[in-house]
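The values are calculated or read from the model by the stated rules, or taken from the named source; none is laboratory data. Computed from a predicted structure; not experimentally measured. Quick reminder, even Gly has a Cβ in these numbers, built from the backbone with ideal geometry, and neighbours come from all protein chains shown. Just so you know, the surface numbers come from the protein's heavy atoms only, side chains and all, with ligands and any DNA or RNA stripped out. Shrake-Rupley method; radii C 1.70, N 1.55, O 1.52, S 1.80 Å.
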Amino acid sequence: MPEALMRARFTAFALGMTEVLLATWAPETRPPRHALEGAQPRWLRLDIEASEAQPPEGWVRFQALGRQDGRFFTLQETSRFRFDDAAHQWFYVDGDAQWRSLSAGRNTSCPCGSGFKAKRCCARD
Ligand SMILES: [Zn+2]
């Protein structure tokens, strides 16, 4: 299911599991390996807002929270997936990524939702 794959891929992004990302990316839109390595944002939270699976097509709308270079940001996207009969698995195809920086002070509650102040949580970098 696309939603389960979305969650697995978020975890793979968060942990830097490049092999998983490549293996679940549709060959026609798959980026080169080096684009997935090197400095990457820290991924902190995933909220799936809606999803639908009607093989061979599916989509997942989500918002993700990340942090890079000392700043929080959000990524909103509707990701498209397709089911490949030959491989018998879903692949991520593409998405309409919208990135926004998030102005969260170090003394405000952390945007990850932990309830701690940001400086004692995800903004400890
Ligand atoms: Zn946090």
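A compact table of results
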| read-out | value |
| --- | --- |
| Residue tally, condition more than 14 Å from the chain's Cα centre (by Cα) and open to solvent by less than 80 Å² (accessible area, probe 1.4 Å), over the range 44-55 | 3 |
| Residues within the range 81-99 that are closer than 28 Å to L65 by Cβ and open to solvent by 50 Å² or more (accessible area, probe 1.4 Å), tallied | 6 |
| Strands (runs of 3 or more DSSP E) fully within the range 40-125 counting 2 or more residues that are among the hydroxyl-bearing types (S, T, Y) | 71-84 |
| Out of A118, A64, A104, sole residue that is buried (at least 17 other Cβ atoms within 10 Å of the Cβ), under 14 Å from M6 (Cα atoms), among the small types (G, A, S) and within 14 Å of the ligand (Cβ to nearest atom) | A64 |
| Selection count where residues are among the charged types (D, E, K, R) and either surrounded by 13 or more Cβ atoms within 10 Å (Cβ to Cβ) or touching a Gly at 6+ places or on another chain (Cβ under 7 Å) (or both), scope the range 1-43 | 5 |
| Close pairs from the range 99-125: first among the aromatic types (F, W, Y), partner within 9 Å of the ligand (Cβ to nearest atom) and open to solvent by less than 70 Å² (accessible area, probe 1.4 Å), Cβ under 7 Å, at least 6 apart | F116/C110 |
